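Before any comments, here is the structure.
The values are calculated or read from the model by the stated rules, or taken from the named source; none is laboratory data. The shown structure was predicted, so the numbers you read here are calculated from the model rather than taken from an experiment. Positions of Cβ are generated from backbone atoms using ideal geometry, with glycine treated the same way; all protein chains shown enter the neighbour counts.
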Amino acid sequence: MSSLELRDVTVRYGRRTAVTGFGDTVRSGEWLGLIGPNGAGKSTLLRAVCGLVDHAGEVLVDGVSLAARSRARRAALVAYVPQDPVIPDDMTGEEYVLLGRSPYVGYFGNESRHDRAMVAAVLERLELTGFARRRLGQLSGGERQRLVIARALATEAPILLLDEPTSALDIGHQQQALELVSRLRRDHGLTVVSAMHDLTLAGLYSDRLTLLHEGVVVAAGPSSEVLRPDTLAEFYGVRVTVHHEDDGTIVVIPRRDDFAR
Ligand code: ADP
């Protein structure tokens, strides 16, 4: 159980500012959904949190700056599912997911029985046991993406960053992966920050949404306040209907220009 605080985080690539003065506190067990059009700065923000890009401002876990922690400790606190992970084709599914245990076993160390059991459990929960001995180069994009999620979950880090984690998955596997994250959040207080293009899914799983546009927060709050047709039209240039189900689910439906009912 850990909280994540971002204070005035700014990221520049050369002279271009990709994220400007982002601040938020994600409570332990909370799920924050980042949304926004391509290039809004979502990936950059996630990469700043896990120290993959230089940034101004501070990132704190449980009140302690991540920059003050060792690399291994940071990796044990924050697990990250990147949008375009480097996938070693020759590695098996099991070997790849075992990499998630590297903060504990060291780079050349031997994994313990617990590490192997943890990997086996995650593979089973994502119905990936059948891929444990298959080489990654021979798997489909969706199968590989699920193994990347498994690798992050095998870390058992209290904070999970997801960058478009389900973009290559069919609707059933999307639900399976997001439900697993949701369950870990409920049962173990996992703190989640995700970037997702699917606005309905983002609203369904997140406690609150933050809409970024050109690196700046332009809307934030419960999904009912952020997923509004006028807001989405302004920042995505999209025409949608937003449907509210009785149970509170919000469904964002794109409209077709010449579609008469
Ligand atoms: P999003 O994830 O919301 O699509 P990104 O964080 O990937 O947005 O990108 C934010 C901005 O930063 C974009 O204008 C993008 O072109 C730029 N950008 C992203 N990565 C780099 C990089 N490595 N070097 C220079 N500019 C980058």
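Table for the structure above
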{"quantity": "Residues within region 29-41 that are more than 10 Å from the chain's Cα centre (by Cα) and either within 6 Å of the ligand (Cβ to nearest atom) or surrounded by 24 or more Cβ atoms within 10 Å (Cβ to Cβ) (or both), tallied", "calculated": "6"}
{"quantity": "Selection within region 1-19 - more than 11 Å from the ligand (Cβ to nearest atom) and either among the hydroxyl-bearing types (Ser, Thr, Tyr) or under 24 Å from Ser182 (Cα atoms) (or both)", "calculated": "Met1, Ser2, Ser3, Leu4, Glu5, Leu6, Thr10"}
{"quantity": "Residue that is nearest to Leu139 (Cα to Cα) [pool: residues in region 54-88 that are part of a strand (DSSP E or B) and of a type in the set (Val, Ile, Thr)]", "calculated": "Val81"}
{"quantity": "Odd one out for Gln175 among (1) free of Cβ contacts under 8 Å to residues at least 12 places away in the same chain; (2) among the polar types (S, T, N, Q); (3) surrounded by 21 or more Cβ atoms within 10 Å (Cβ to Cβ)", "calculated": "(3)"}
{"quantity": "Residue within region 80-93 that is of a type in the set (S, T, N, Q), surrounded by fewer than 18 Cβ atoms within 10 Å (Cβ to Cβ), touching a Ser or Thr at 6+ places or on another chain (Cβ under 8 Å) and at pLDDT 95 or above present", "calculated": "no"}
{"quantity": "Residues of region 126-142 that turn out to be at pLDDT 90 or above and in a helix (DSSP H, G or I), as a count", "calculated": "6"}
{"quantity": "Residue match in region 81-94 (condition: touching a helix residue (DSSP H, G or I) at 6+ places or on another chain (Cβ under 9 Å), under 24 Å from Gly21 (Cβ atoms) and away from the ligand (no atom under 16 Å from the Cβ))", "calculated": "no"}
{"quantity": "Single condition Gly51 does not satisfy, out of (1) assigned to a strand (DSSP E or B); (2) within 16 Å of the ligand (Cβ to nearest atom); (3) not aliphatic (A, V, I, L, M)", "calculated": "(1)"}
{"quantity": "Region 43-69 residues that are free of Cβ contacts under 8 Å to residues at least 60 places away in the same chain and among the acidic types (Asp, Glu), paired with ones that are within 16 Å of the ligand (Cβ to nearest atom) and in a helix (DSSP H, G or I) (beta carbon under 9 Å, 6 or more apart)", "calculated": "Asp54/Ala48"}
{"quantity": "Subset of region 178-195 [crowded, with 17+ Cβ neighbours inside 10 Å, at pLDDT below 95 and either of a type in the set (D, E, K, R) or within 16 Å of the ligand (Cβ to nearest atom) (or both)]", "calculated": "Arg185"}
